[in-house]
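Below is one structure; the comments refer to it alone.
The values are calculated or read from the model by the stated rules, or taken from the named source; none is laboratory data. Because the structure is predicted, anything quoted here is derived from the model rather than measured. Cβ sites come from the backbone with ideal geometry, for glycine too, and all protein chains shown count toward neighbours.
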Amino acid sequence: MNAFVIRRLLGAIPLLLGVSVLSFIFMQLAPGGPDTLLAKNGRMSQAQLEAIRHNLGLDEPVHVQLWKWITNLVQGDLGVSFSQQRPVRDVIFDVFPNTVYLMTVALTISLMVAVIFGIGAAVNQYGWFDNVTSFLAYFGLSMPVFWFGLMLQIMFAVKLGWLPSAGMRSATGGGTFDLIKHMILPALTLAIGSIGSWSRYLRSSTLEVLGQDYVRTARAKGLREQVVLIRHVLRNAMIPFLTVVAIDIPLYLTGAVVTETVFSWPGMGRLFFDSLTKRDYPVLMGILLLGAFLIVIGNLLADLLYALLDPRISLK
Amino acid sequence: MSTAETTLATVDRRSMQQVQTKPMSPWRIVWRRLKRSRIALVGTTVFGLVLLACLLAPVIAPYGKNDIDLFNITAPASTDHWLGTDPLGRDVVTRLLYGGQLSLLIGVGSAVIAVTIGILVGAVAGYYGGWTDSILMRFVDLMLAFPSIFLLLIVAAILDGITVANVIIFLAAFGWMWLARIIRGEFLSLKQREFVEAARMIGVPSRQIIMRHLLPNVTGPIIVALTLDIALYILAEATLSFLGFGVKPENPTWGNMLNEARTYALTRPLLVIAPGLTITLVVLAINFIGDGLRDAFDPTSGR
């Protein structure tokens, strides 16, 4: 087991290195970086421009810059933000918790709904519950996420006036309840995509387990249906489901860009969008790398979960 | 005795004839199954109608693409303007029809390119194996490790002023990896089979083995991937344009219509509802077709 974990962990290192180098190359290829933006300013003299370039380390040869970028990265140093003149790490981690709150709530919502939809639909295949939830799942998968957010805003914030339309806290301040009220709509928006795909997935994996011999055996020996469902079916259907969830979690980060922009949620997605308009490449690269790391970790987690939960898989 | 013999003989001849009739071609089987799938039928009808309407936009659109009606700015729905007008006084129905041309072009175009790249990489990696396979698959791993929306947005922001061709190429460039993996896996197992060995033995060149013997065996996954990719790319275009990094608004797409409408979302909800609902309907239709196709190509489902 330990050897397996270590081998998988070691395997992720070259991948992460590749991701870092590619990000760097990407940043080098970018025309119209801070240079042009500063030059457009007009009020700046050539000497000032040189000084800024020197401060940002942009006047060094490429391979030196790459080496610095990698060695700094290993030490957790992502460079300095062009627009805020502070370390990228601080810029990102200032808003990171806000995104984590949102992701956690959204994840909880979609897990609960997906389990209810998926299992309910499978237990009564082609019944009304199956038809309704299948349609809803399809619908959720086919909607542009930001559009769903806009619709929620129009409906619940404007027409009904039940919930605030944007932001994270009221200007007048307010406690946890205020935060929860602000969180409902963006969390639902963030959750909608995975509700669709996860409930479809859980439905099919439950259907597969329901057809297994051990389920028939369990029923034949007279176990109550609830016991069969929870102890025999659910536990087995959850194995492939959880690995898919682990793989999909990083998607929440990309979904956050759209959701946080729609709802002006002060998190990483919004930071990414703002940095795009300001061409703050170090921040963009920092978020890109963080996203890539999450994806690699998610995949790793999925592999490990699968091996841990399913005793039929032998660990070589 | 003679009657019994003749009956037997006729029966025999009949069964002989049955054996000799040509077996159904795989395409016919798929087609027959697809016809029986209700959701695929609904999907095809909806998608077909929308496609037709968009292609006929110059004929059926009530106004010109950029015609401005200054007396009717952000007008509500009326008999003149069925879905109202946008902030510049342009007719929404007209914009939707023309927008569909570009949105669908981007969806189909990127899907075709992505699938082509996926087939090429997957086929080469799976057929040749060894080093080629290792290098190509590490590259696939690397590409998959990047959050593609982030990359797309960065590229779009860097270019500043993106053309339709740019959008198509970038969407495709970040979306071919899954199919490449699938094709590679299929090729790895297919190339061990006897018919491939036989072909190789009589001296069929590699390229022809790939084209004539291996690729036809993965038509199913390819067509399903193509369909679902179209849906995915229509959504991706919408997202990109909504964030303001897609096609510029003088050429309408469903996505940039939503971007322009956003500031009016609260006062004129119809401006947001119309393009969004159109996207949802079309993507839903394509997903239905894709799922119908997947079942139709699945050899384990009954005929």
Taking the range A:236-259 and the residues there that are out of contact with any Leu (no Cβ under 6 Å at 6 or more places or on another chain) and of a type in the set (S, T, N, Q), the one that is farthest from the other protein chains (Cβ to nearest Cβ) would be A:Asn236
Here the qualifying pairs (Cβ atoms under 8 Å; residues six or more apart or on different chains; first in the range B:244-271 and β-branched (Val, Ile, Thr); second part of a helix (DSSP H, G or I) and surrounded by fewer than 20 Cβ atoms within 10 Å (Cβ to Cβ)) come out as B:Val247/B:Val164
- Could you check, for the range B:139-159, whether at least one of its residues is within 12 Å of chain A (Cβ to nearest Cβ), surrounded by fewer than 22 Cβ atoms within 10 Å (Cβ to Cβ) and acidic (Asp, Glu)? yes
Among helices (runs of 4 or more DSSP H) entirely inside the range A:208-312, those with 3 or more residues being among the polar types (S, T, N, Q), surrounded by 17 or more Cβ atoms within 10 Å (Cβ to Cβ) and at pLDDT 85 or above are A:235-262
Among residues of the range A:260-304 being touching a residue at least 40 places away in the same chain (Cβ under 8 Å), within 11 Å of chain B (Cβ to nearest Cβ) and polar (S, T, N, Q), the residue farthest from A:Ile184 (Cα to Cα) is A:Asn299
For helices (runs of 4 or more DSSP H) lying entirely in the range B:187-303, having 3 or more residues that are within 10 Å of chain A (Cβ to nearest Cβ) and under 18 Å from B:Ala111 (Cα atoms) picks out B:219-242, B:269-297
Across (1) under 20 Å from B:Ala53 (Cα atoms); (2) touching a Gly at 6+ places or on another chain (Cβ under 8 Å), B:Phe297 clears everything bar (1)
In the set A:Asp280, A:Asp310, A:Asp274, A:Asp303, the lone residue that is of a type outside the set (Lys, Arg) and within 24 Å of A:Met183 (Cα to Cα) is A:Asp274
Out of curiosity, is B:Ala111 touching a Phe, Trp or Tyr at 6+ places or on another chain (Cβ under 7 Å) and either away from every other protein chain (no Cβ under 14 Å) or within 22 Å of B:Leu271 (Cβ to Cβ) (or both)? yes
All conditions in (1) over 22 Å from A:Arg235 (Cβ atoms); (2) touching a helix residue (DSSP H, G or I) at 6+ places or on another chain (Cβ under 7 Å) are true of A:Gly120 except (1)
Taking the range A:124-163 and the residues there that are out of contact with any helix residue (DSSP H, G or I) (no Cβ under 7 Å at 6 or more places or on another chain) and closer than 30 Å to A:Ile230 by Cβ, the one that is surrounded by the most Cβ atoms within 10 Å (Cβ to Cβ) would be A:Leu136
Of (1) modelled with pLDDT under 90; (2) under 15 Å from B:Gly43 (Cβ atoms), B:Ile230 fails just (1)
Over the range A:137-150, the set of residues of a type in the set (A, V, I, L, M) and either facing another protein chain (nearest Cβ under 7 Å) or in contact with a strand residue (DSSP E or B) (Cβ under 7 Å, 6 or more places away or on another chain) (or both) is A:Leu141, A:Met143, A:Leu150
For the range A:151-181, the count of residues that are part of a helix (DSSP H, G or I) and either within 14 Å of chain B (Cβ to nearest Cβ) or within 13 Å of A:Val262 (Cβ to Cβ) (or both) equals 9
Residues in the range B:134-164 that are in a helix (DSSP H, G or I) and under 21 Å from B:Val247 (Cα atoms) total 13
Test: residue in the range B:93-107 that is surrounded by 21 or more Cβ atoms within 10 Å (Cβ to Cβ), polar (S, T, N, Q) and in a helix (DSSP H, G or I) | yes
Checking A:Val88, A:Val115, A:Val132 in turn, the sole residue that is more than 14 Å from chain B (Cβ to nearest Cβ) and under 30 Å from B:Val272 (Cα atoms) turns out to be A:Val132
